[in-house]
1. If I filter the range 80-108 down to residues being of a type in the set (Lys, Arg) and surrounded by 17 or more Cβ atoms within 10 Å (Cβ to Cβ), which single residue comes out as nearest to Val16 (Cα to Cα)?
2. Please tell me if Thr62 is closer than 14 Å to Ile201 by Cβ, among the polar types (S, T, N, Q) and assigned to a helix (DSSP H, G or I).
3. Go through (1) closer than 30 Å to Ala48 by Cα; (2) under 27 Å from the mean Cα position of the chain (by Cα); (3) part of a loop (DSSP other than H, G, I, E, B) for Lys186 and report which single condition fails.
4. Does the range 66-76 include one or more residues that are over 27 Å from the mean Cα position of the chain (by Cα) and of a type in the set (S, T, N, Q)?
5. For the range 19-34, which positions are in contact with a Gly (Cβ under 6 Å, 6 or more places away or on another chain) and either more than 26 Å from Tyr64 (Cα to Cα) or without any contact (Cβ under 8 Å) to a residue 24 or more places away in the chain (or both)?
6. Test of understanding: among Phe145, Phe203, Phe207, Phe197, which residue is touching a helix residue (DSSP H, G or I) at 6+ places or on another chain (Cβ under 6 Å), under 23 Å from Asp39 (Cβ atoms) and in a helix (DSSP H, G or I)?
7. Do you know which residues across the range 43-53 are free of Cβ contacts under 8 Å to residues at least 40 places away in the same chain and not basic (Lys, Arg)?
8. Answer yes or no as to whether Arg73 is without any contact (Cβ under 8 Å) to a residue 40 or more places away in the chain and in a helix (DSSP H, G or I).
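Please treat every number below as a calculation from the coordinates, not as lab data. Computed from a prediction, not measured in an experiment: that's the story for all the values here. Ideal geometry is used to build each Cβ from the backbone, glycine not excepted, and the neighbour counts take in all protein chains shown.
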Amino acid sequence: MRATRILYFIFGSIFVVMLILVLLLTDVQLIAFDKSYYDAQYEKFEVAQDIGISKPDLMTATGYMLDYLNDKRDDLDFQMPIKGKQQEFFSERDKLHMIDVKNLFVGGKLIRNIAFWYCVLFAGAAAYKMKNRRRSFSKLFIYAFAAGIVPIILLVILMNIDFYKYFTIFHEIFFNNDLWQLDLNKDRLINMYPEVFFSNIAFKIAFYYIGELVLLLVLGITGMIYSRRSTQIKNR
């Protein structure tokens, strides 16, 4: 009995972490690959006009870039008409940096998939073994909310105070080179995606993620209430 509780605590704790990763990394994937979001941001910041490219051509280039990041395209070697001249769309430094970015996305997708299947297997095994499944999963949902909400709220506060500082820290942690430091006069990426673009997408991801954590809390509390009522009815 004691060994069973220890195993449940260990695997349940892993489930909580994996569930958080599934939610967060899925939100990143959904928003980062949403072409309509890019379309709206380009319009808002007049990116096509600044670069000197038509809006349809800019969206085509964006599609190529997203396909590359999603591992559906091998390279970013393509040309577009810019300021009346057919030319290579991305600079060499852009392309080198995007190799690192692609590795992050591919790695993140792999982690998300592993976490997802762990959650599925744990849920299946737990549902088969647990006596009070509703109460147990309700507790895990509440734990997931508690474990996930504090870091993201803290991060949102810090980003709101000084986004550039923490955006820089992010790059220093996840990239082992300075290729992310682009030149406004030479590199296309920095013209397409100014700092405010990344702050908007970061806050949007945080908003989705917090909403999902709150939903977990609601499901957890609701499950606990129904479980308690069921127990009371059985004991009458």
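1. Quick first cut of the range 80-108, residues of a type in the set (Lys, Arg) only: 83, 85, 93, 95, 102.
The next check asks that each one be surrounded by 17 or more Cβ atoms within 10 Å (Cβ to Cβ); those that pass are 93, 95, 102.
Working: Arg93: 39, Lys95: 37, Lys102: 27 Å.
Of everything passing the filter in the range 80-108, Lys102 is nearest to Val16 (Cα to Cα).
2. Working: closer than 14 Å to Ile201 by Cβ: yes; among the polar types (S, T, N, Q): yes; assigned to a helix (DSSP H, G or I): yes.
Yes; evaluated as a whole, the condition is true for this residue.
3. Going through (1) closer than 30 Å to Ala48 by Cα; (2) under 27 Å from the mean Cα position of the chain (by Cα); (3) part of a loop (DSSP other than H, G, I, E, B) one by one, Lys186 breaks only (2).
4. Going residue by residue through the range 66-76, those that are over 27 Å from the mean Cα position of the chain (by Cα) are none.
No, that holds for no residue.
5. Going through the range 19-34, the residues in contact with a Gly (Cβ under 6 Å, 6 or more places away or on another chain) turn out to be 20, 25.
Result: Ile20, single match.
6. Values: Phe145 fails: under 23 Å from Asp39 (Cβ atoms); Phe203 fails: touching a helix residue (DSSP H, G or I) at 6+ places or on another chain (Cβ under 6 Å); Phe207 fails: touching a helix residue (DSSP H, G or I) at 6+ places or on another chain (Cβ under 6 Å).
None of the others qualify; the one that does is Phe197.
7. In the first step, residues of the range 43-53 are kept if they are free of Cβ contacts under 8 Å to residues at least 40 places away in the same chain; the result is 43-44, 46, 48-49, 52-53.
Matches in the range 43-53: Glu43, Glu46, Ala48, Gln49, Gly52, Ile53.
8. Details: without any contact (Cβ under 8 Å) to a residue 40 or more places away in the chain: yes; in a helix (DSSP H, G or I): no.
Spelling it out, it is not the case that Arg73 is without any contact (Cβ under 8 Å) to a residue 40 or more places away in the chain and in a helix (DSSP H, G or I).
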